[in-house]
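Chemist: Pasting a structure below so you can have a look.
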Amino acid sequence: MMETLQKTSLQTAAVECDVCTTEKNRAVKSCLQCLASFCQTHLQLHYESPAFMKHKLVEASRHIQENICLSHGKPLEIYCQDDHQCICCLCVTDNHKNHNMVSVDSEWTSKKEELKEIKVACQKLIQERERGQRELSEAVKSFKSSALETMEDIEKVFTELICSLEKKRSEIKEQIRAQEKTEIDRAEELHKHLDQELTELRKRQAEIEKLLITEDQIQCLKSFPYVHVLPTFEDVPSFTQHAHLSFKDISISEFKEVLEDVCQQQTARISQEVSNVYVTKSPEPKTQNDFLQYFCELHLDPNTTHKTLTLSEENRKVSCSYKVKQYPDRPERFDEFPYILCREGLSGRCYWEVECSGKNWAVAVCYRGIGRKGRSDDSKLGLNKKSWRLGYYLQSFSFMHAKAQVRVPVASRIGVYLDHRAGTLSFYSVSDTMTLLHRVQTTFTEPLYPAFFAVLGSSVRIIEQREVKKDQM
């Protein structure tokens, strides 16, 4: 089919000899001086006659007229390098005087060399892209294989986890049943013992009542020694006030909360790692909608809160007050500087926003191992290699890392974009547009924890995603 089309195309494009009178033969050459095309037979004159030997022959073409100057009717034999066009000998004096000119042959020879270099460069680009296609195909194949393998591993792990939980559930239920049976058996034995004591006491009571209505005093006095002393029994406990009477006191809900908290943290970690796997890198976000696809919910960690900081708005806002809080002493709590961390360790592509007020606050990220105790630089956001900070420092609005300070424009609503794998950390001023304040390009070796700083009269509030979307409307 393709060969037929190609043959048809060639036949359609064939140039006929201008000299043939009856059956038109196919032309093999065109003459720029004769402005005609010739078949092999009629072309012989150009090879044999001295008058025609100097004519310029080219491949047979239907567009031979395009090689003739429209103004002078002469062949276009000269190339003007200043105007980048082919001209005839008469055009030289008309419109191209004092221009740099060469013959068309010379220019074409030069252009051919240039085209050869372009061809080599083009071939190199083609080879690079063919290699890229092969590598991409292999990468996609490997990507799909790893996804399938990981899903199988997840299925296996979760199945084993579910089986383990079901086994533990059965064991606890069996333990409850066993404990129930043991205690019920003991209760029934105690019940039987109390029945025996009741029988004896009721018998003694009947004997006493019988003596009380007997008029034979001598007989009563003889019987008195046997009835006036009651049998010795242990005190009967109050079962309604028994501290361990009910299984309801077992903290199943606490087990559920702990398990869910661990699951939430671990699944969040896995989710971040999953989002960090890609075949091709996504383009850098530009608009706020671009950033929102990486939006992550943050939760302040009360266990890290400095004693001068107050949490509010469901632990999304932190502010500083004169009143010192009596927070429990914890290893993870900052004891000297008014800092607080978020619970989440971020390791993928993430974006979050904060609204800040006052003249002494900071938005930062840091490694989990940043110092928490004392006043050394190891515990100061932005003054060590474990933290990156943007905000006010010594009445200057700037970015700081490892004591290096860069002044940036003042902003109050800050958007932070992290591409952990690419080593990119960017701070933006958020309004109708996203204005870059500062970008860090480095290599992150650990998950990063969002951190905040505020002193008297200042506060930082984490923006929820629904607020961001509402603001865009």
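Chemist: Scan segment 60-73 residue by residue and report those that are touching a strand residue (DSSP E or B) at 6+ places or on another chain (Cβ under 7 Å) and open to solvent by 50 Å² or more (accessible area, probe 1.4 Å).
Modeler: 67 - this is the single residue of segment 60-73 that is touching a strand residue (DSSP E or B) at 6+ places or on another chain (Cβ under 7 Å) and open to solvent by 50 Å² or more (accessible area, probe 1.4 Å).
Chemist: Identify, please: which residue in segment 92-109 is farther than 19 Å from residue 56 by Cα, out of contact with any Asp or Glu (no Cβ under 7 Å at 6 or more places or on another chain) and not acidic (Asp, Glu) and is, among those, least open to solvent (accessible area, probe 1.4 Å)?
Modeler: Residue satisfying both the conditions and the ranking: 92.
Chemist: Scan segment 313-342 residue by residue and report those that are out of contact with any His (no Cβ under 8 Å at 6 or more places or on another chain), of a type in the set (Phe, Trp, Tyr) and modelled with pLDDT of 90 or more.
Modeler: Correct list: 327 only.
Chemist: Pick out the one residue from 347, 398 that is over 19 Å from the mean Cα position of the chain (by Cα), polar (S, T, N, Q) and closer than 24 Å to residue 291 by Cβ.
Modeler: Selected residue: 398, the only one of 347, 398 that is over 19 Å from the mean Cα position of the chain (by Cα), polar (S, T, N, Q) and closer than 24 Å to residue 291 by Cβ.
Chemist: Could you check segment 346-448 for strands (runs of 3 or more DSSP E) lying wholly inside it with 2 or more residues that are in contact with a Leu (Cβ under 8 Å, 6 or more places away or on another chain) and polar (S, T, N, Q)?
Modeler: Numbers: elements: 349-357, 361-366, 387-393, 396-401, 404-407, 413-419, 424-430, 434-441.
It comes to 424-430.
Chemist: Of all residues in segment 338-373, count the ones that are open to solvent by less than 30 Å² (accessible area, probe 1.4 Å) and within 19 Å of residue 403 (Cβ to Cβ).
Modeler: Residues in segment 338-373 being open to solvent by less than 30 Å² (accessible area, probe 1.4 Å) and within 19 Å of residue 403 (Cβ to Cβ): 9 in total.
Chemist: Hey, residue 137 hits all of (1) of a type in the set (Ser, Thr, Tyr); (2) over 27 Å from residue 28 (Cα atoms); (3) assigned to a loop (DSSP other than H, G, I, E, B) but one; which does it fall short on?
Modeler: That leaves (3) as the condition not met.
Chemist: Next question. Of a type in the set (D, E, K, R) and modelled with pLDDT of 85 or more, is that true of residue 29?
Modeler: Values: of a type in the set (D, E, K, R): yes; modelled with pLDDT of 85 or more: yes.
Spelling it out, residue 29 is indeed of a type in the set (D, E, K, R) and modelled with pLDDT of 85 or more.
The values are calculated or read from the model by the stated rules, or taken from the named source; none is laboratory data. Note that the structure is predicted; figures quoted are calculated from it, not measured. We place every Cβ from the backbone using ideal geometry, glycine too, and count neighbours over all the protein chains shown. These accessible areas exclude ligands, DNA and RNA; they are computed on the full protein's heavy atoms, side chains included. Shrake-Rupley method; radii C 1.70, N 1.55, O 1.52, S 1.80 Å.
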